[in-house]
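K.L.:
One structure, as structure tokens, below. Some questions next.
Bear in mind these aren't lab numbers, they're just calculated from the coordinates by the rules spelled out. Owing to the predicted nature of the structure, the values given are computational and were not obtained by experimental measurement. Cβ atoms come from the backbone with ideal geometry, glycine included; neighbour counts cover every protein chain shown.
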Amino acid sequence: MARVVDLTGEDVTRQRRKERNYGTKTDLSSTTVERGNTHWAEGSNVNIDGFLGVAGTQRVTGLLDVTGTFNGSGTNNLDGTNNLSGDNNLTGPTEVSGSLDVTGPTNLDGVLTINGDTTITGDTTITGLLAVDGPTTISGTLDIEGATTVAADLELIAGGLLKAGVTKIEPNGKATFGDVVIDPNSIYMIQAPGGNMVSGAADQISLSSSSSSSVSLDSTRAELDYKGAAKTTLDGSKAQLSFGTTLVKARAGAIDLDAAKTWLTGQIEVAGFARFQGVGFYAPNLPSTSNPPNLHITSGGQVYRSTWTP
């Protein structure tokens, strides 16, 4: 005779109370739960060796540990901390609304669009084209090792200095090209080992050698000064360079020759009036003739050819 179990007895009631509080072990080979709830108490393990299909919403409030491949084809909302230590392939659009910290190497093969402020504190290497359409501010050192092309204006402000080998351009306009200096703020506009270009006032400019020669131009004369001890004289209207007594000056209506001697090796023709202001006229190599004299000199020193016959 089979044993009869009293389902209303104390033993069955106690067992049902344990199942409600602590759960029970049941082998489920094919089970459908409709509009029910299944609770696995703390310390329980659920092992699924086959396929797990979830058609509805899946919520994980604790740790989700995935050691294999994780494929997410739909929208994936990850609100908590996510540690992804393996390869992660994201083929669809990805939106990150919070902080994104990447401590390892990161490869971005596609287009990267950043609409907000971006701060990069570590070393950054870009092997392809870097196109910046908006304003760019670089507060640190910028080192460019390759060829650089600037299609628009290049402006250095706030005390910037442009250097290129022996070439230096300062913000005040001074430019140094090796041994040649261009300084618009100095009386010596151009300074070179062989001489200088000087501009002391408006409409006045001079070229001088490093030792004793100069060419000066202004609104009143063109002047060539050669040899002698060099000196510079400045006043409120001009800068005067003087190099001794050998001077050629072209001015309005006259040409001045100031030298100890003036040598003419060829012929000289004077179409106008010639006046000698010195104490005498010396011509040691004049040809001789036996003809009577026919010159007349006035008391004022003017010379005439005389037609008088004795």
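K.L.:
Karplus couplings for region 156-172 from phi (6.51 cos²θ - 1.76 cosθ + 1.60, θ = phi - 60°), rounded to Hz, Gly and Pro as x?
P.N.:
Per residue, the Karplus-derived 3J(HN,Hα) values read 10, 10, 6, x, x, 9, 9, 10, 8, x, 8, 9, 9, 10, 9, x, 7 Hz.
K.L.:
What does the extension gain come out to for N83 and T309, with contour length at 0.36 nm per residue minus their alpha carbon separation?
P.N.:
Gain on stretching N83 to T309: 68.0 nm.
K.L.:
May I pose another question? Can you give the alpha-carbon Rg of the chain over 2.2 N^0.38 Å, where N counts its residues?
P.N.:
2.70
K.L.:
Also, I was wondering about something else. With the chain treated as a Gaussian network of Cα nodes joined by springs under 10 Å, which of G104, G128, G160 yields the largest mean-square fluctuation?
P.N.:
Sorting by GNM fluctuation, first place goes to G104.
K.L.:
Still on this structure: Among L142, L286, L264, which one shows the biggest mean-square fluctuation in a GNM of the chain, springs joining Cα atoms closer than 10 Å?
P.N.:
So, out of L142, L286, L264, the one fluctuating most is L286.
K.L.:
Then there is this: Give a residue-ordered list of calculated ³J(HN,Hα) values for region 182-187 (Karplus: 6.51 cos²θ - 1.76 cosθ + 1.60, θ = phi - 60°; whole Hz; x for Gly, Pro).
P.N.:
10, 9, x, 8, 10, 5
K.L.:
So, in Å, what gap is there between the alpha-carbon centers of region 251-268 and region 103-131?
P.N.:
77
K.L.:
If you average the alpha carbon positions of region 28-87 and of region 143-192, how far apart do those two centres end up, in angstrom?
P.N.:
Here the two parts' Cα centres lie 67 Å apart.
K.L.:
Separate question: What is the distance, in nm, between label points placed 7 Å from the Cα along the Cα-to-Cβ direction at V150 and at V248?
P.N.:
4.4
K.L.:
I want to verify the translational diffusion coefficient of region 120-231 in µm²/s; compute it with Stokes-Einstein, Rh as the Kirkwood radius over Cα pairs, at 37 °C and 0.692 mPa s. List each step's numbers first, then the result.
P.N.:
Values: Rh = 18.3 Å.
So the translational diffusion coefficient is about 179 µm²/s.
K.L.:
To make sure I understand, if each residue's beta carbon is the centre and we count other beta carbons within 10 Å, what order do D225, D11, D143 fall in, fewest to most?
P.N.:
With the sparsest Cβ surroundings first, the list reads D143, D11, D225.
K.L.:
Next question, about the same structure. Please list, in chain and number order, the residues 5+ apart from G195 or on another chain whose amide H is under 5 Å from its amide H, with Hs placed from the backbone.
P.N.:
S210
K.L.:
Which residue, E145, E170, E95, has the most motion in a Gaussian network model of the chain that connects Cα atoms within less than 10 Å?
P.N.:
E95
K.L.:
Using the alpha-carbon atoms, what tilt in degrees (0 to 90, nearest 10) does helix 10-22 show relative to the longest principal axis of the chain?
P.N.:
Roughly 0 degrees, rounded to the nearest 10.
K.L.:
Could you work out the mean projected area of the convex hull around the alpha carbons of region 256-303, in square nanometres to one decimal?
P.N.:
Result: 5.4 nm².
K.L.:
Still on this structure, please answer the following. Which net charge results when you count Lys and Arg as +1 and Asp and Glu as -1 among the other residues whose beta-carbon is under 15 Å from that of G253?
P.N.:
Around G253, the surrounding residues sum to +3.
K.L.:
Right, next: Starting with the fewest neighbours, write out L247, L156 ranked by other beta-carbon atoms found within 10 Å of each beta-carbon.
P.N.:
Result, fewest neighbours first: L156, L247.
K.L.:
Show the residues, 5+ positions off or on another chain, whose built amide H is closer than 5 Å to the amide H of A201.
P.N.:
A239
K.L.:
In addition: Over the chain, what is the relative contact order in percent, taking alpha-carbon pairs closer than 8 angstrom and at least six residues apart?
P.N.:
It rounds to 5 percent for the chain.
K.L.:
Give me a comma-separated list of calculated 3J(HN,Hα) values for region 73-90, in order, Karplus coefficients 6.51, -1.76, 1.60 applied at θ = phi - 60°, integers in Hz, x for any Gly or Pro.
P.N.:
Those phi angles translate into 8, x, 6, 10, 9, 10, 8, x, 7, 10, 9, 10, 9, x, 6, 10, 9, 10 Hz.
K.L.:
At a 10 Å Cβ-Cβ cut-off, how would you order I120, I297, I190, fewest neighbours first?
P.N.:
Working: I120 6, I297 10, I190 17.
Sorted ascending by nearby Cβ count, the order is I120, I297, I190.
K.L.:
Could you name the aspartates and glutamates in cross-link range of K163, using Cα to Cα under 19 Å and dropping any fewer than eight places away on the same chain?
P.N.:
Once the sequence-local aspartates and glutamates are set aside, what remains near K163 is D143, E145, D153, E155, D179, D183.
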